[in-house]
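Just so you know, all these numbers are worked out from the coordinates, no wet-lab data involved. Model, not experiment: these values are computed from the prediction. Cβ atoms come from the backbone with ideal geometry, glycine included; neighbour counts cover every protein chain shown.
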Amino acid sequence: MTRVSVSIGSNIDRDHHVRRCLDVLDATFRGLAVSRVYESEPVGFEDGHNFYNLVAVFDSDWSVGELQAWCKRIEREHGRREGTPKFSPRTLDIDLLTVGDLVGEHDGVRLPRGEILHHAFVLLPLSELLPDTPHPVDGRTYAELWSAFDDDQQRLWPITFDWPRTFSR
């Protein structure tokens with residue numbers, strides 16, 4: 001089994017789509033752990049509502065290609081349309097962040113995902129769940145990376161979000 005981390009985001013009917021995504025993850029994979037949910041302003045575009053963002057971690061023996069196909073299928077089942085602009089509102093966005101300590105391109109997916117080092121809405125929840133885990137390329141732990149992160153340009157704040165196993169402090 002390999003430890004997998006994914007980022008989850010939504011800015012259309014956010015509560016519904018995030019809850020359904022977590023339900024499907026929980027029913028599909030073992031050892032699911034979920035960060036707190038954060039609300040954040042859209043990054044890269046100004047149209048649309050704020051996002052809900054979080055990270056989930058689970059164990060899987062699936063290939064990177066199988067995981068990626070699963071993520072895209074769940075997005076489509078929740079109304080995500082292929083071909084929409086990258087920086088646009090979305091019902092559900094599920095991105096593979098890490099698959100074990102894989103580095104490079106695997107089944108057409110670049111790992112670890114570059115957003116880990118550049119977006120607070122990915123790094124902060126990841127640092128909550130896996131604070132002592134080193135980034136596969138950078139080598140610093142996610143807690144160290146978050147501690148050094150300059151988040152002045154990316155506002156986000158934790159929200160109250162009840163789901164059976166969301167992270168709490």
- Query: At 4 °C and 1.567 mPa s, what whole-number value in µm²/s does Stokes-Einstein give for the translational diffusion of the range 2-158, with Rh from the Kirkwood sum over Cα pairs?
  - Reply: 82 µm²/s
- Task: Mind telling me which of I12, I116, I159 comes out most flexible in a GNM of the chain, alpha-carbon contacts under 10 Å?
- Result: I159
- Under-5 Å amide H pairs with T141, H placed in peptide plane, nonlocal only: H135
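Relative contact order, percent, of the chain when contacts are C-alpha pairs under 8 Å separated by at least 6 residues? Numbers along the way, then the final one.
On the way: 311 pairs, mean separation 51.1, N = 169.
Contact order relative to length: 30 percent.
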- In the range 1-56, which chymotrypsin sites (Phe, Trp or Tyr not before Pro) are in a loop and have at most 16 other Cβ atoms within 10 Å, using DSSP for the loop call? F45
- Message: Under 10 Å, Cα contacts only: if you run a Gaussian network model on the chain, which one of L156, L102, L92 comes out with the highest mean-square fluctuation?
- Response: L102
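Run the helix sum for the chain: -39,500 (n - 2.57) per DSSP H stretch of 4+ residues, divided by residue count, reported at 222 nm to the nearest 500 deg cm²/dmol. Please report the intermediate quantities before stating the final value.
Working: 4 runs with 46 residues, N = 169.
It lands at -8500 deg cm²/dmol.
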- Message: Spelling out what I want: for every residue of the range 136-145, take phi, set θ = phi - 60°, compute 6.51 cos²θ - 1.76 cosθ + 1.60 (Karplus), and round to whole Hz; glycine and proline get x.
- Response: x, 10, 5, x, 6, 6, 5, 5, 5, 4
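Work the Kirkwood hydrodynamic radius out for the range 1-57: mean of 1/r over every pair of different alpha-carbon atoms, inverted, in Å.
Details: mean 1/r = 0.0822 Å⁻¹.
With all distinct Cα pairs of the range 1-57 included, I get 12.2 Å.
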- How much length is gained if the chain between Q153 and D61 is pulled fully straight, taking 0.36 nm per residue apart and subtracting their Cα-Cα distance, in nm to one decimal? 29.4 nm
- Note on the structure: Between T2 and residues 5 or more places away or on another chain, the pairs with built amide H atoms under 5 Å apart involve S60, D61
- Note on the structure: the range 1-74 and the range 95-169 have their Cα centres apart by a whole-number Å value of 12 Å
- Query: Amide H of I12: which non-local residues (sequence gap of 5 or more, or other chain) have their own amide H closer than 5 Å, using H built in the peptide plane?
  - Reply: R90
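If you count the DSSP beta bridges with both ends in the chain, what percent of them are antiparallel, to the nearest 5? Walk me through the intermediate numbers first.
Working: 28 of 29 bridges.
Counting only bridges with both partners in the chain, antiparallel ones make up about 95 percent.
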- Query: Most mobile of V24, V43, V57 per a Gaussian network model of the chain (Cα springs, under 10 Å)?
  - Reply: V24
- If you plug each phi of the range 53-58 into the Karplus form 6.51 cos²θ - 1.76 cosθ + 1.60 with θ = phi - 60°, what whole-Hz ³J(HN,Hα) values come out, in order, with x for Gly and Pro? 10, 7, 10, 10, 10, 7
